Amino acid sequence: MALLNIRPATVTDAGLILRFIRELAIYEKAEQSVQTDEIGIAESLFGADATARALVCEANGEAIGYAVYFYNYSTWLGRKGIYLEDLYVSPEKRGSGAGKALLKYIARQAVAEGCGRFEWSVLDWNTPAIDFYTAAGARPQDEWTVYRLEGEALKAFAG
């Protein structure tokens with residue numbers, strides 16, 4: 001059994017995180033959607049005004065996965081929460097407990113900080129992820145639909 005270690009990512013992990021982001025995008029059939037580079041990752045996750053945080057999961061010293069999360073806020077609860085943007089484990093390392101370890105790490109942080117919620121989104125076709133999250137005790141919020149403004153639509157609306 002592999003010895004797992006979860007650690008906060010540092011700016012020196014920017015290239016590693018970008019590699020994992022690209023692998024995740026390929027898995028999600030959206031490789032063309034990745035528009036950032038190593039500099040963009042370094043600035044957005046580790047710059048002075050960074051609002052997101054990243055973790056790296058290692059097995060016997062080898063990086064095998066990552067998570068990126070940020071804080072949100074619930075007006076109904078009157079408390080902050082954590083939103084998990086990405087959770088990824090290399091395909092050959094799935095089943096090692098790395099995904100669960102990353103999820104538990106963030107859940108413990110949410111509890112320690114008095115967060116009211118720990119949330120994320122999952123693609124509706126990603127049955128392995130849905131099964132994994134359900135087994136962890138998470139429940140889908142079917143009554144909510146995500147809306148997004150991005151790119152030219154965002155610029156046009158803002159204008």
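The values are calculated or read from the model by the stated rules, or taken from the named source; none is laboratory data. If you're wondering where the values come from, they're calculated on a predicted model, not measured in any experiment. Heads up, the Cβs are rebuilt from the backbone with ideal geometry, glycines too, and the neighbour counts pull from every protein chain shown. The area values use the complete protein model at the heavy-atom level, side chains included, leaving out ligands, DNA and RNA. Shrake-Rupley method; radii C 1.70, N 1.55, O 1.52, S 1.80 Å.
Points to keep in mind about this one:
- Segment 62-76 and segment 113-159 have their alpha-carbon centroids 12 Å apart.
- The aspartates and glutamates whose alpha-carbon is closer than 16 Å to the alpha-carbon of Lys100, local same-chain residues fewer than 8 away aside, are Glu58, Glu85, Asp86, Glu92, Glu119, Asp131.
- Compared with the alpha-carbon gap, the fully stretched path from Ala135 to Thr12 is longer by 40.9 nm at 0.36 nm per residue.
- A Cβ-based charge dipole, computed about the Cα centre of segment 30-159 with Lys and Arg at +1 and Asp and Glu at -1, lands at about 660 debye.
- Cβ-placed point charges (K, R +1; D, E -1), dipole of segment 12-101 about Cα centre in debye, nearest 20: 480
- Dipole of the chain, positive direction: furthest Cα of Ala136, Ile39, Asn60, with charges on the beta-carbon: Ala136
- Ordering of 66-75, 145-154, 98-107 by packing [mean C-beta count within 10 Å, highest first]: 98-107, 66-75, 145-154
- Charged neighbours of Leu18, selected by a Cβ distance under 9 Å, balance to 0 (K, R count +1; D, E count -1).
- Cut-off 13 Å between beta-carbons: net charge of the residues surrounding Leu102, Lys and Arg +1, Asp and Glu -1: +4
- Helix-only [θ]222 nm of the chain, DSSP H runs n ≥ 4, -39500 (n - 2.57) each, per residue, nearest 500: -10500 deg cm²/dmol
- Apportionment of accessible area to carbon and sulfur, the chain, percent (1.4 Å): 55
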